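Remarks on the structure that follows.
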Amino acid sequence: MPTNARADTDTDTAARVARRYWNQHVTGAGNWRRDAFSGSELRAAGEDLAALRSGLGRPAATVPALWRYYTSPVDGRVTPELEAEHAALALYGLHQQSQSSPMHRRGVTIGTALRALHRSGRFSEEAVDRRVAAAVHTTAVPALLYRLRGLVTQLRAVQQPIDYDQLLSDVWRWSHPEHRQRVRREWGLAYHAWGPSSQDRTPAPGRPASPDGKSTTTGTKAPNPVQHASAPSTP
């Protein structure tokens, strides 16, 4: 691909990522954005979150209430990227429900968040281990999303945010058998992290786990159109 064409594609992708619902309301550091004129917080509206939750357990593009929230390009068919965005939107609607703090925070992968859940003391560690194992042993995306739905509900209970751009990317990769094992490995390494400061360590804000197809673990590059990009800076 010519350099200028690749740059145009990257720009289009960055703009699309910035339009995702959570990025319109939350900064990369995990704070609510503020209105440029009034200074008021741009919190997610309850009716928006209800619309997002209506997509839980439903196929992409079958819930009219979600259509206006989609940013993925379509060509008359449901693509894996659209399916991943639909899933992430629905889970975000569930996660953010009744929460005063943003439940999207860039750099906090699902594995990192689940490790925090495991150590929260709110739920049995053995029960969390079983739920996580059940999720990572799935192969079909609908089965994965069913398991994640229960885990996200528990993450909401302990007010633990995750990176929804990264989750979208992970769901997209899960739909491709050649990349699914890599996602499992990334989640597992984060969930079972060890070291003197592993309990308190979280990825630095803005550090993508797999933003543009480059795995954070060793291995070949995974062609991934579902990229991270910097959301607009806070006004």
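Quick notes on this structure:
- Each principal axis of the Cα cloud of segment 14-114 was evaluated for its coordinate range; sorted largest first, these ranges are 40, 34, 27 Å.
- Extension gain for the segment HIS176 to PHE37, taken as residue separation times 0.36 nm less the Cα-Cα distance, is 45.6 nm to one decimal.
- Local net charge near TYR69, Cβ-Cβ under 15 Å (Lys/Arg +1, Asp/Glu -1): 0
- Using the Karplus relation 6.51 cos²θ - 1.76 cosθ + 1.60 with θ = phi - 60°, the per-residue 3J(HN,Hα) values for segment 157-170 come to 5, 9, 6, 9, x, 9, 8, 6, 5, 5, 4, 4, 4, 5 Hz, with x marking Gly and Pro.
- The relative contact order of segment 36-156 comes to 25 percent, based on Cα pairs under 8 Å that sit 6 or more residues apart.
- By definition, a body whose alpha carbon gyration tensor gives a ≥ b ≥ c is oblate when a/c is 1.5 or more and a/b is not larger than b/c, and segment 15-191 fits this oblate description.
- Additional length obtainable on full extension of the chain from ARG119 to ALA134, 0.36 nm per residue less Cα span: 3.6 nm
- Cut-off under 5 Å, modelled amide H: who pairs with VAL26 long-range: ARG33
Only the coordinates and a few stated rules stand behind these numbers; no lab work does. Since the model is a prediction, treat every value here as computed from it, not as a measurement. Please note: Cβ atoms are built from the backbone with ideal geometry, for glycine as well, and neighbour counts cover all protein chains shown.
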